[in-house]
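The values are calculated or read from the model by the stated rules, or taken from the named source; none is laboratory data. Quantities reported herein were computed from a predicted structural model and do not represent experimental measurements. Counting neighbours? That spans all protein chains shown, and the Cβs are built from the backbone with ideal geometry, glycine included. Accessible surface areas use protein heavy atoms only, side chains included; no ligands, DNA or RNA. Shrake-Rupley method; radii C 1.70, N 1.55, O 1.52, S 1.80 Å.
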Amino acid sequence: MVLPNPEREIRLLAVRSLRGANFWSPGPVTRVDVAPGAYDEISSAEIPGFTESLLGALPGLVEHRCSVGKRGGFVTRLERGTYAPHIIEHVALELQAAIGHDVSFGRARGGDAPGIYTVVFEHRHGRVGARAAELAVRMVRAAFAGTL
């Protein structure tokens with residue numbers, strides 16, 4: 001299968017730090033608006049080696065419970081097939097965990113227009129959350145491209 005170039009398709013539209021109680025959470029979160037383009041229709045399960053590649057780069061993802069509710073829940077979701085915005089959420093959380101920030105809350109939801117998604121995730125420091133968002137998008141693009 002020839003895939004569209006994720007560098008061109010998965011676009012980071014906006015990153016905002018929300019410092020206090022907000023629509024999404026009683027505490028600080030980073031809000032990311034993302035347009036996955038063609039990857040709105042291409043799941044992680046459709047890409048050979050995607051899950052293994054992502055876990056090779058971020059082995060701590062195996063600890064993410066996700067909606068399955070148990071250790072490895074996010075890995076199960078990757079194997080069954082999940083989409084770029086949801087993956088960006090978990091990668092951003094794991095990048096922060098890797099530097100010792102205890103964060104776990106995140107959500108990926110349809111955004112303000114078709115083809116736009118809002119991803120929110122907990123942060124301890126706004127600038128760290130913003131950088132985690134940028135790096136998460138880069139890593140997810142690379143994972144879909146097979147170059148992570």
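Answer with yes or no whether residue 12 is under 16 Å from the mean Cα position of the chain (by Cα), open to solvent by 20 Å² or more (accessible area, probe 1.4 Å) and either among the polar types (S, T, N, Q) or within 17 Å of residue 141 (Cβ to Cβ) (or both).
For residue 12, the condition - under 16 Å from the mean Cα position of the chain (by Cα), open to solvent by 20 Å² or more (accessible area, probe 1.4 Å) and either among the polar types (S, T, N, Q) or within 17 Å of residue 141 (Cβ to Cβ) (or both) - is met.
Condition first: under 18 Å from residue 58 (Cβ atoms) and of a type in the set (Gly, Ala, Ser). Now tell me which residues in segment 101-148 satisfy that.
Of everything in segment 101-148, those that are under 18 Å from residue 58 (Cβ atoms) and of a type in the set (Gly, Ala, Ser) turn out to be 104, 106, 108, 129, 132, 133, 136, 142, 143, 145, 146.
Return only the number of the condition from (1) without any contact (Cβ under 8 Å) to a residue 12 or more places away in the chain; (2) part of a helix (DSSP H, G or I); (3) open to solvent by 50 Å² or more (accessible area, probe 1.4 Å) that residue 71 does not satisfy.
The single condition residue 71 does not satisfy is (2).
Taking only segment 19-48 into account, find how many residues are touching a residue at least 40 places away in the same chain (Cβ under 8 Å) and outside any loop (DSSP other than H, G, I, E, B).
Final tally of qualifying residues: 12.
Taking only pairs six or more apart or across chains, which ones have beta-carbon atoms under 8 Å, a first residue in segment 110-132 that is free of Cβ contacts under 8 Å to residues at least 60 places away in the same chain, and a second residue that is part of a strand (DSSP E or B) and aromatic (Phe, Trp, Tyr)?
Sorted first by the residue in segment 110-132, then by its partner, the pairs are 110/117.
If you check 130, 92, 108, which single one turns out to be open to solvent by 20 Å² or more (accessible area, probe 1.4 Å), assigned to a helix (DSSP H, G or I), in contact with a strand residue (DSSP E or B) (Cβ under 9 Å, 6 or more places away or on another chain) and not hydroxyl-bearing (Ser, Thr, Tyr)?
130
Regarding segment 84-104, can at least one residue be identified that is charged (D, E, K, R), more than 30 Å from residue 2 (Cβ to Cβ) and touching a residue at least 12 places away in the same chain (Cβ under 8 Å)?
So far as segment 84-104 goes, yes, one or more of its residues are charged (D, E, K, R), more than 30 Å from residue 2 (Cβ to Cβ) and touching a residue at least 12 places away in the same chain (Cβ under 8 Å).
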